[in-house]
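Down below is the structure, laid out as structure tokens.
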Amino acid sequence: MEQMLSAFQCDLSSISSEIRTLQEQSVAMNLRLKNRRAVRLQLGQLLDELVVPAAMISTILEAPVTELEFLEQLQELNGKINSVKEQAFRETVACADVQHVLEKLKIKAVTKIREFVLQKIYSFRKPMTNYQIPQNALLKYRFFYQFLLGNERTVAQELREQYVDTMSKIYLSYFKSYTSRLMKIQYPFESLFRSQHYALLDNSCREYLFLCEFFMVTGPSAQDLFNAVMGKTLTMFLKHMEAYVCDCYDSIAVFLCIHIVLRFKAIMAKRNIPAVDKYWDTLLEILWPRFEHILELNIQSIQSTDPQKLGFLDTRPHYITRRYAEFSSAIVSINQTFPNEKTHALLGQLQVEVENFVLRVAAEFSSRKEQLIFLINNYDMMLGVLMERAVEESKEVEGFQQLLSARTQEFIEEILSPPFGGMIAFVKEAEALLEKGQLERLRGEEARVTQLARGFSSTWKASVESLSQDVMRSFSNFKNGTGIIQGALTQLIQYYHRFHKVLAQPPLRSLPARAELINIHHLMVELKKHKPNF
């Protein structure tokens, strides 16, 4: 038993030693496994980046560039080329084994892409081609240009130059032909201008977005590339506008063109496309001075007009004032969209000269009554035209309203004077004495008052009828004539009411002629019968 236990004890000590050895070996094996996994991870990633699969080689060499598989493998190839460049920089030895393969694949891919893009660009040159279709096709393969830009910049530059050269000629030819055909149409220039420049706006927006997306440019670089494509066309447009504007005297057409430019500029700003901003500004620099020059010529023309050389004059609205009214209302209504203070200033100066012209022509009439009829007819006509164009709140309307109101009031006094001037003069004299407290001076006016009261009662109906007919014959606008008659009758009632008040004062209160006075309300009812309805 002793021997057996001793042997068992020896066996136990050897087993313990073996267990410790196995534990040490296990720790070492775990460490080696961990290290190998770490190496395998990094090495596997490196191998994935460096190894060129057979599928990639066959696709790049044989598949058409329009297939989705080619695009996917091209993106993989681009990633491997970039990885090899990075590892070569770290002096990784394995890069030498695949570098020549990737180089050959790159050359093949570049060749195929170059041929494809050039073919698309050359397709733009075919007559009657809708170049937007191949442009949209190119946008589907914009990674091709990105690949060239990263791996073969000379080819990328070549394609870019070919595109710029082709499209600049196409746009120039297209817009040159379009403009020449438009100009042959006998139609208002501003409509042709709008069609021409809306086509420019539409094509410029589309072209700018294509250049930014396909050639991957932004900011000043995008603007420079756009100028290279559209510069010749824009220059042609500017030369055409300069040639037309220098001989143009249609200020409305020029002003409409200005507002078309301002509207189109706002549209492009809303689309966040600055491509044609400089062109719009240059165009405005051509149009504004011409418009101001034509307006100054109109002002000078009115200033130098001699009414005595205009031939026979009558009291109806003058053709010059009608032309001014049409012109001013058109400018004011157009200017409401994009208000311009300089335009308002020039129109204000023109309005002053027209007012002076109307006064100079009115001075040619011998009687004040004819002068007032002429002034009222012209002011009313100008107001009517301005109001018709929906510019009621303009300064021009306000100015003519004040002038018309003042001259109308003066005319009413003028036409009331012949039949009722004696009564009106007496009322004004008596009211002045009442204000001074000199009522006793009215006692010597009994005979005059009696004559005025009886004269009014016997002649007022015939006088009012004659006045109404005279007014309706004098004014071309029946509505205005009706308003003047109503104003005159209202003024007559007021004067007669004041006449009653004067006769109610103590010095004249006991006068027998007061019994012959017509009742105010009766007079108002009778006068309403004489108001014409228009």
Revision key, fill the gap. For residue 427 the rounded accessible area (nearest 10 Å², probe 1.4 Å, non-protein molecules ignored) is 0 Å²
Point to revise | Candidate aspartates and glutamates - alpha carbon under 20 Å from residue 529, same-chain residues fewer than 8 apart omitted | key: 465, 470
Practice item. Run the numbers on the chain and let me know its relative contact order in percent, using alpha-carbon pairs under 8 Å that are six or more apart. Key: 8 percent
Check your understanding: Simple spin-label model, 7 Å along Cα-to-Cβ: residue 342 to residue 2 in nm?
Key -> 13.2 nm
Exercise for review: Name the lysines eligible as straight-distance cross-link partners of residue 112: C-alpha to C-alpha under 20 Å, and not fewer than 8 places from it in the same chain.
Suggested key: 80, 104, 120, 140
Review point. For the residue pair residue 284 and residue 238, what label-to-label distance in nm results when each label sits 7 Å from Cα along the Cα-to-beta-carbon direction?
Key: 1.6 nm
Exercise for review: Give me the accessible area per residue for the stretch 376-534, probe 1.4 Å, as a whole number in Å².
Suggested key: 52 Å²
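Which of the three applies to the stretch 156-205, rounded, prolate or oblate, going by the alpha-carbon gyration tensor with a ≥ b ≥ c and a/c under 1.5 meaning rounded?
Values: a/c = 6.94, a/b = 2.52, b/c = 2.75.
It is oblate, given that a/c is not under 1.5 and a/b is not larger than b/c.
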Study note, to complete from the structure: Where a ≥ b ≥ c are root eigenvalues of the Cα gyration tensor, a/c under 1.5 meaning rounded, otherwise prolate if a/b exceeds b/c and oblate otherwise, the stretch 393-444 counts as oblate
Exercise for review: Rounded, prolate or oblate: pick one for the stretch 338-397, where a ≥ b ≥ c are the square roots of the eigenvalues of its C-alpha gyration tensor, a/c under 1.5 means rounded, and failing that, prolate if a/b is larger than b/c, else oblate.
Suggested key: oblate
**Study point:** At most 11 other Cβ within 10 Å, DSSP loop - trypsin sites (Lys or Arg not before Pro), the stretch 395-498
**Key:** none
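Given charges of +1 on the Cβ of Lys and Arg and -1 on the Cβ of Asp and Glu, with all other atoms neutral, how large is the dipole of the chain about its Cα centre, in debye to the nearest 20? Working shown, then result.
Numbers: 62 positive and 60 negative charges, 196 e Å.
So the magnitude is around 940 debye.
At 0.890 mPa s and 25 °C, plugging the Kirkwood radius over alpha-carbon pairs of the stretch 261-370 into Stokes-Einstein gives what diffusion coefficient in µm²/s? Please report the intermediate quantities before stating the final value.
Values: Rh = 16.6 Å.
This corresponds to a translational diffusion coefficient of 147 µm²/s.
For the stretch 232-279, what is the accessible area per residue in Å² when the probe is 1.4 Å?
49 Å²
Set the Förster radius R0 to 41 Å, insert the Cβ-Cβ distance between residue 313 and residue 425 as r into 1/(1 + (r/R0)^6), and round the FRET efficiency to 0.05.
Numbers: r = 32 Å, r/R0 = 0.78.
The calculated FRET efficiency here is 0.80.
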**Study point:** Pair residue 370, residue 476: separation of 7 Å Cα→Cβ label points (nm)
**Key:** 1.7 nm
Revision key, fill the gap. Carbon/sulfur accessible area of the chain, % of total, 1.4 Å probe, equals 53 percent
Check your understanding: Which whole-number value in Å³ per residue fits the convex hull of the alpha carbons of the stretch 318-477?
Key -> 150 Å³
Review point. Given the Cα-Cα distance of residue 443 and residue 246 and 0.36 nm per residue of separation, how much length would full extension add, in nm?
Key: 63.1 nm
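In deg cm²/dmol, rounded to 500, what helix-only [θ] at 222 nm does the chain give when every DSSP H run of at least 4 residues adds -39500 (n - 2.57) and the total is split over its residues?
Details: 18 runs with 425 residues, N = 534.
Taking each H run of at least 4 residues, the total per residue is -28000 deg cm²/dmol.
Before I look further, what does the stretch 154-194 give for accessible area per residue, probe 1.4 Å, in whole square angstrom? Spell out each step's value before the answer.
Numbers: 2350 Å² over 41 residues.
With all protein chains present, the stretch 154-194 gives 57 Å² per residue.
In nm, what is the difference between 0.36 nm times the number of residues separating residue 72 and residue 32 and their Cα-Cα distance?
On the way: separation 40, 0.36 × 40 = 14.40 nm, distance 3.86 nm.
10.5 nm is the gain from fully extending residue 72 to residue 32.
The values are calculated or read from the model by the stated rules, or taken from the named source; none is laboratory data. Remember, it's a predicted structure, so these values are computed and weren't measured experimentally. Reconstructed Cβ throughout: ideal geometry from the backbone, glycine too, with neighbour counts over all protein chains shown. Heads up: the accessible areas ignore ligands, DNA and RNA and are worked out on the full protein's heavy atoms, side chains in. Shrake-Rupley method; radii C 1.70, N 1.55, O 1.52, S 1.80 Å.
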